Amino acid sequence: MPEHLFVRFGERHSDFPNDSVMLERIRAFDWSASSVGPIETWPDEIRSAVRMMLLSESAMAVLIGGDGIIVHNDALHRLLGDHYAGILGLPVTEALPIAAGFFRDAIAACGEGKGVRYQDHPLKLLRNGLLETAWFSVSLTPIADIAARIYGAFVIISETTERMRTLRALGQSRQRMDLALEAGGIVGTWDLDINTDTVFTNGAFAELFGVSGDEARRGISTDVLATALHPDDRDRVLGGLRSAIGTGSDYRCDYRAVTRDGETRWFVLTGRPRRDEAGAIVQYAGIVIDVTEQTEAAAALEQSNLRFDILAESIPQIVWSTDAEGRHDYFNRRWNEFTGIAPDRIEPTTWQELVHPEDWPRVQQAWQNCFATGETYDIDYRFRHRDGSYRWLWALALPLRDAEGRIIRWYGTASDIDAPKQLDQQRELVAHELDHRIKNLFALVNGLVTLSLRELPEHRPLADALRARLEALNRAHGLIRGERDARCGSLRLLIEQLLAPYRDGRAGRIAIAGEDVAIDAGAVTAVALVFHELITNAAKYGALSRAGGTLGIRLSADESRQTIDWQERFEGGIAGKVGEGFGSRLLKTMIEGQLRGTMTRRPSSQGLWLRIDLPRTAFGPTARG
């Protein structure tokens with residue numbers, strides 16, 4: 001059998017130029033049991049192809065017949081691996097079932113006398129126990145005799161997996177580079193050939209100025225690109241480049257350029273020289289960064305800062321700010337003028353030393369609470385003036401938040417309210433003295449009633465009733481004054497206390513019904529004045545002045561409005577003209593002006609109906625049902 005392949009070599013083929021394992025296996029294989037028969041019956045063309053294959057160091061195989069019976073050399077065995085060591089003599093579609101379709105089509109093409117070639121074709125192979133994709137360049141050439149009879153296909157295989165992986169890695173690297181360039185605002189790379197004055201750049205940058213990608217890669221004259229430079233920057237850019245070339249230094253330049261769409265954009269051009277073996281500069285290479293957005297943002301920020309400085313220095317208030325940690329880092333000139341402290345002597349904690357010692361615990365607590373919660377900082381306190389005295393300031397500050405809602409700064413103002421504060425204190429002193437005298441009058445009248453009772457003990461019931469009404473009037477007076485120790489709590493309780501002097505014990509004479517609402521201390525005075533006026537009118541001219549008169553009050557509310565229906569029932573109607581006295585004008589001013597509501601009044605011969613409609617916020621920011 002051996003002599004039919006290599007006649008000159010003995011059975012041990014010790015003189016065979018290659019140490020071929022596959023030659024030994026081919027000789028030992030029982031070909032007579034296969035569809036191709038013994039080797040001596042193979043056509044000369046097949047045997048010649050096998051001899052050529054075995055002598056080659058390239059991976060090759062001969063596929064015999066239409067089934068593609070495999071005969072392969074040692075190089076192909078090494079290429080495919082040990083898992084495919086037993087494919088000798090098998091149909092190629094059985095040996096490589098995953099690639100059966102590929103080889104079936106290729107063998108059919110060879111059967112028609114057509115050679116086929118596949119470049120970087122992916123095939124699935126089992127290697128190291130895992131199925132993996134490998135890439136191969138495969139060519140199949142028909143094996144034919146002089147009469148063009150086809151006996152099989154001669155296969156040459158080379159693996160290109162590493163090249164394909166390298167190309168893929170290169171593509172991914174280029175993609176990452178493009179992403180990095182884009183993320184960094186880099187719109188292009190450039191190379192300047194010093195000898196030819198030609199610039200080579202990538203398409204993205206060139207296309208901004210109407211130059212095609214092919215032109216950019218072939219090279220563009222610097223004169224062409226110079227026309228895109230802004231006229232005010234052209235001489236500076238070209239002159240700087242010539243200077244860098246002359247000195248061999250790195251080049252960097254900020255400039256404006258006009259794109260093909262007529263848009264002016266800002267760029268930063270940077271580059272470094274490249275030298276030949278003799279040390280002469282032959283090329284400059286670098287990048288181009290589009291900084292339009294950053295430049296415009298910086299200009300807008302500068303303009304915003306300028307507007308802020310103008311505004312902060314033109315208003316009479318002290319303007320200040322802190323960082324995210326609450327450290328004061330800015331005061332306008334009003335602060336320096338108020339405190340007399342030079343700007344270079346200001347520390348983040350300087351302001352704390354100027355707060356009046358009695359006010360500092362309150363100020364510190366308010367600031368820490370606002371800093372922790374983000375609530376508006378709103379407080380007044382005494383602050384040391386440059387003359388050594390303490391003046392009242394009203395401080396107001398709001399937080400600045402980022403897109404995630406985190407506080408990044410605080411901005412605030414401080415207004416000198418010392419004069420209004422002193423005036424308020426003087427008014428409070430006068431009002432307190434007046435209140436004290438009125439209370440003394442109540443006490444004096446109460447004393448006179450008591451003295452009279454000693455002389456006329458039979459009038460004790462009348463005296464007790466009179467004293468009770470005087471005490472109720474005294475409490476009502478306290479509510480109208482808005483004393484800090486007055487406890488009203490709600491609208492209903494306020495009305496109850498104001499009506500207390502007029503209750504005579506008769507059931508049904510005074511009735512209050514409906515939904516109650518809380519009142520903040522700051523709203524008590526205005527609301528108390530309104531109802532005091534209504535009750536006084538009722539006591540003088542209306543239901544409370546008549547023996548059979550009745551007063552009904554109904555409170556109702558929704559989410560935003562509070563309605564009060566006032567119904568007096570009595571016979572004879574109201575004497576005099578309605579709505580012309582001081583009391584009526586006071587009601588109108590308080591309800592429509594201060595409380596931002598409306599009042600509707602309908603007098604009749606059977607009494608008086610009146611409706612007051614108010615926003616719930618009139619009772620204070622925390623008003624609720």
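The values are calculated or read from the model by the stated rules, or taken from the named source; none is laboratory data. As the structure is a computational prediction, the values presented were derived from the model and not from experiment. Here the Cβ is made from the backbone with ideal geometry for all residues, glycine too, and neighbour counts use every protein chain on show. Each accessible area value is taken on the protein alone, full model and side chains, heavy atoms only, with ligands, DNA and RNA left out. Shrake-Rupley method; radii C 1.70, N 1.55, O 1.52, S 1.80 Å.
Data for the structure
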item	result
Whichever residue in region 314-332 is surrounded by fewer than 18 Cβ atoms within 10 Å (Cβ to Cβ) and among the aliphatic types (A, V, I, L, M) and, among such residues, is farthest from the chain's Cα centre (by Cα)	Ile315
Subset tally (residues that are within 19 Å of Glu568 (Cβ to Cβ), in contact (Cβ under 8 Å) with a residue 60 or more places away in the chain and of a type in the set (Val, Ile, Thr)) for region 517-544	1
Test result for Leu225, modelled with pLDDT under 80 and surrounded by fewer than 11 Cβ atoms within 10 Å (Cβ to Cβ)	no
Those residues of region 288-301 which are open to solvent by 50 Å² or more (accessible area, probe 1.4 Å), modelled with pLDDT of 75 or more and not small (Gly, Ala, Ser), in sequence order	Glu293, Gln294, Glu296
Pair list, Cβ < 9 Å and 6+ apart or interchain, from region 548-564 residues that are within 21 Å of Arg509 (Cα to Cα) and open to solvent by less than 20 Å² (accessible area, probe 1.4 Å) to residues that are modelled with pLDDT under 90 and of a type in the set (Ser, Thr, Tyr)	Leu551/Tyr502
Checklist (1) surrounded by 15 or more Cβ atoms within 10 Å (Cβ to Cβ); (2) at pLDDT below 80 applied to Gly210, failing item	(1)
Meets criteria (more than 36 Å from the chain's Cα centre (by Cα), open to solvent by less than 40 Å² (accessible area, probe 1.4 Å), within 30 Å of Arg260 (Cβ to Cβ) and modelled with pLDDT under 80) for Ala216	yes
Failed condition for Ile519, given (1) at pLDDT below 80; (2) over 30 Å from Leu462 (Cβ atoms)	(1)
Output for region 357-396, where each listed residue is open to solvent by less than 70 Å² (accessible area, probe 1.4 Å), among the small types (Gly, Ala, Ser) and within 30 Å of the chain's Cα centre (by Cα)	Ala366, Gly374
Residue ID - modelled with the lowest pLDDT, chosen from residues in region 491-509 that are open to solvent by 20 Å² or more (accessible area, probe 1.4 Å) and either on the phi > 0 side of the Ramachandran plot or not in a loop (DSSP other than H, G, I, E, B) (or both)	Gly505
Residue pairs meeting the criteria (Cβ under 6 Å; at least 6 apart or on separate chains; first among the polar types (S, T, N, Q), in region 148-159; second in a strand (DSSP E or B))	Ser158/Ser137
Every residue from region 24-63 that is of a type outside the set (A, V, I, L, M), closer than 19 Å to Ile157 by Cα and either in contact with a Phe, Trp or Tyr (Cβ under 9 Å, 6 or more places away or on another chain) or open to solvent by less than 10 Å² (accessible area, probe 1.4 Å) (or both)	Arg51
Single match in Ala395, Ala419, Ala324 (criterion: among the aliphatic types (A, V, I, L, M) and assigned to a helix (DSSP H, G or I))	Ala419
Close pairs (7 angstrom Cβ cut-off, 6 or more residues apart or separate chains): surrounded by fewer than 17 Cβ atoms within 10 Å (Cβ to Cβ) in region 252-272, polar (S, T, N, Q) anywhere	Arg252/Thr270; Val258/Thr264
